[in-house]
């Protein structure tokens, strides 16, 4: 008997769905918890859906619900969410080179649909898969948005009947962010900046007693990383061989990027040209 195939016609949207499925499934428990918490904060079914689509950030929505439950002033809520979401300016800039040839409408739609987790998936695919297109990246964003919104709405519907332990949710969110960091660490410099960010974040959280400390720590660590990389590239004869920019150990599935493949191809072509030149011009023998 012939085996049934899930995607016999090789539909691209189904292939992308298969790639995005682990992300979509991981959103279900956290999305349910977020919907329950938003319901506890006073949001109805429609408002939960609107917040899920407009904000589309687990951390921001959890903070929003927490601030509302303690009756924080609106000015504090807006400022906290603004600085918390400011990181997307940095994340989006790293993806801009892959979508710069698309229309302004596409870029806007891509930007408003991006969050931390689908950014990690898209960045990895753009860097390692030559066939990955901006349209594929937008599909990943939409799949994750649908999964998150549906989970939020279901959580809102059952919020009055179910209670959750928020410590478990905090652990799940932390695990997601750790996964995103690990997938982005490519060089010794990025590893050092990650460690520096963690230390600075703890220090500024103690000093400010507010999530604004995380934003300050991120900006300082990013600036330091930029200055180090800029100095290395400006003053080093072989920047890519400098310890800061050399690659750290990576899992086999994520070790080779498109840039790595291009570099290997150039080296191979140079070696072939050198061999061809030597074979066409053999050394002269003394009589």
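Some notes on this structure:
- Residue within the range 135-143 that is more than 16 Å from the chain's Cα centre (by Cα) and at pLDDT below 90 present: no
- Residue count for the range 91-126, restricted to those that are buried (at least 19 other Cβ atoms within 10 Å of the Cβ), more than 19 Å from residue 13 (Cβ to Cβ) and touching a residue at least 60 places away in the same chain (Cβ under 8 Å): 3.
- Annotation: of all residues in the range 209-229 being assigned to a loop (DSSP other than H, G, I, E, B) and in contact with a helix residue (DSSP H, G or I) (Cβ under 8 Å, 6 or more places away or on another chain), the one that is modelled with the highest pLDDT is 210.
- Filtered by the rule that a residue be at pLDDT below 65 and surrounded by 10 or more Cβ atoms within 10 Å (Cβ to Cβ), the range 264-287 gives no residues.
- The set of residues in the range 130-151 being under 21 Å from residue 185 (Cα atoms) and in contact (Cβ under 8 Å) with a residue 40 or more places away in the chain consists of 130, 137.
- Residue tally, condition touching a residue at least 12 places away in the same chain (Cβ under 8 Å) and part of a loop (DSSP other than H, G, I, E, B), over the range 56-71: 2
- Test: residue in the range 153-168 that is at pLDDT 90 or above, assigned to a helix (DSSP H, G or I) and farther than 30 Å from residue 42 by Cα: no
- Checking 59, 35 one by one, the residue that is closer than 30 Å to residue 135 by Cβ, buried (at least 18 other Cβ atoms within 10 Å of the Cβ) and modelled with pLDDT under 85 is 59 and no other.
- Filter pass, residue 148 being modelled with pLDDT of 90 or more, assigned to a helix (DSSP H, G or I) and surrounded by fewer than 18 Cβ atoms within 10 Å (Cβ to Cβ): no
- Scanning the range 176-190 for residues that are more than 24 Å from residue 23 (Cβ to Cβ) and crowded, with 16+ Cβ neighbours inside 10 Å, we see that the one that is modelled with the highest pLDDT is 189.
- Residue check, residue 124 part of a helix (DSSP H, G or I), within 30 Å of residue 107 (Cα to Cα), modelled with pLDDT under 85 and touching a helix residue (DSSP H, G or I) at 6+ places or on another chain (Cβ under 8 Å): no
The values are calculated or read from the model by the stated rules, or taken from the named source; none is laboratory data. Source: prediction; values computed, not measured. Reconstructed Cβ throughout: ideal geometry from the backbone, glycine too, with neighbour counts over all protein chains shown.
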